[in-house]
Amino acid sequence: MGERIRSIVVTAMVVALTVSASGVVGAQGVAPTTDGTVAESTAADAQQASGYSGATVSFETRDDAIVNYAIDGETLLDSVAVESRSTTRSRLGAGASLDLSAVTRIGGSGLSLGSQTDLSASVAFDSGAEMTAHDGSQGIFVVRANDEAQVASVNLSGDASAESEGDGRVVVSQENGADGTFIVVGDGEVTVNDAGNVTARIGQDGSLVFRPYPDGRDDSDSEEERLIAQGTAAAEVTVSQAESGGEYATDVVNYGQDTTVEVSEQSASTVNMTVERSEQQGRVVIASLAEEIQSAEDVQVYVDGEAAARAESVTELESATQNGDNSRFMVSNAASAQASGEVLVGINHFSTRSVSVQDGGSSDGGSGDQSDGTTSGSGPGFGVVIALLAVLSTALLARYRD
């Protein structure tokens, strides 16, 4: 009888371990590493044979252009080509002026797909420019000239139209209601060319930003674009969570070249970051939390541990960045259909500042705790332990009766 009991116990332990292992893999979507942590997705997971495919953004690459730039499966841009300004001038001929509206097509320099993560992908152009597409920030991309002036040519999708808004912006609209805006930051200009597409000149210290709005663009978006175009808004931080749940992640878009943002903690309703800038003048940082902001009154912002004052207008926010007495913040798009709500933080001066954005009205109360993805007491691991104890109890009872 002792041998039969030992056989039952061994069988139960094998079954328990098998179920436990499959539960962990099923819960996380990937097998754990030897140290018990979940392995991060490799670049190959995000890379197709000739492009990038993330949760939001996808595009392909060919020898001279990025093609089929799509957000949530909807193509917004048929192609994006970049070449040095000197190459464009030489093609036009000696003495010819660079009239952007007349530049409807460029040859495009060679390119290669660079570094990739779950939240972004970069493309390096042979002309020296670099594009970074931000999957974690609803598909924003930034093309930087990197010390040599560039020309960019963008062909729109078939049902899209473009309109210049002046001050370095071109707005693209689609029949399905999706919008997007091209913004030149720093030296450069962008316009609608004679073919109805978009052409931009990017100065050696400038960049071209594309900011898509899958659900449409409103006045708050326009104000944020203006701040980006004039260099007042230096960075944008977006907190997101994978559809399967689990840990929160942050994606940082740098609009200015002299400002860096490092996020130290994030949750559904909180993001803590360090913002560093080489110059003293203040700047605006845009923060988008993972959960929708239901009430602007519940949002609190702290800069270096001190509560920032609320700004009643964008003008007040801008004034704060000009060496104001206090940093200020305001909330745009709160509880709207267009966005979950962005918090604009006007930091009054630099060099290194700690910033905390919290929404006290969210489900987690702005606690700031990072989700660690651990299994709760009702998860597979706990259930397996109960099952194992039950089998052992049965075996011991059988031995007692014998």
Open item on the list: Of everything in the range 144-187, what is assigned to a strand (DSSP E or B) and under 21 Å from ASP72 (Cα atoms)? Give them in sequence order.
Closed with: VAL154, ASN155, LEU156, SER161, ALA162, VAL171, VAL172, SER173, ASP179, GLY180, THR181, PHE182
- [ ] Just name the residue that is surrounded by the fewest Cβ atoms within 10 Å (Cβ to Cβ) out of those in the range 280-319 that are of a type in the set (A, V, I, L, M) and more than 26 Å from the chain's Cα centre (by Cα).
- [x] ALA307
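Suppose we filter ALA160, ALA124 for residues that are surrounded by fewer than 24 Cβ atoms within 10 Å (Cβ to Cβ), more than 28 Å from THR259 (Cα to Cα) and not hydroxyl-bearing (Ser, Thr, Tyr); which single one remains?
ALA160
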Task: The one condition in (1) outside the structural domain of SER356 (by TED's automatic domain parsing); (2) free of Cβ contacts under 8 Å to residues at least 60 places away in the same chain; (3) hydrophobic (A, V, I, L, M, F, W, C) that LEU227 fails to fulfil - done: (2)
Task: Filter result for GLY256 (in contact with a strand residue (DSSP E or B) (Cβ under 6 Å, 6 or more places away or on another chain) and at pLDDT below 95) - done: yes
Task: Residue match in the range 106-129 (condition: at pLDDT 95 or above and under 15 Å from VAL190 (Cβ atoms)) - done: yes
Open item on the list: Given (1) in a strand (DSSP E or B); (2) in contact with a Gly (Cβ under 6 Å, 6 or more places away or on another chain), identify the lone condition not met by THR250.
Closed with: (2)
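The values are calculated or read from the model by the stated rules, or taken from the named source; none is laboratory data. Treat the numbers as computed from the prediction; the structure is a model and nothing was measured. No Cβ is skipped: glycine too gets one built from the backbone with ideal geometry, and neighbour counts run over all protein chains shown.
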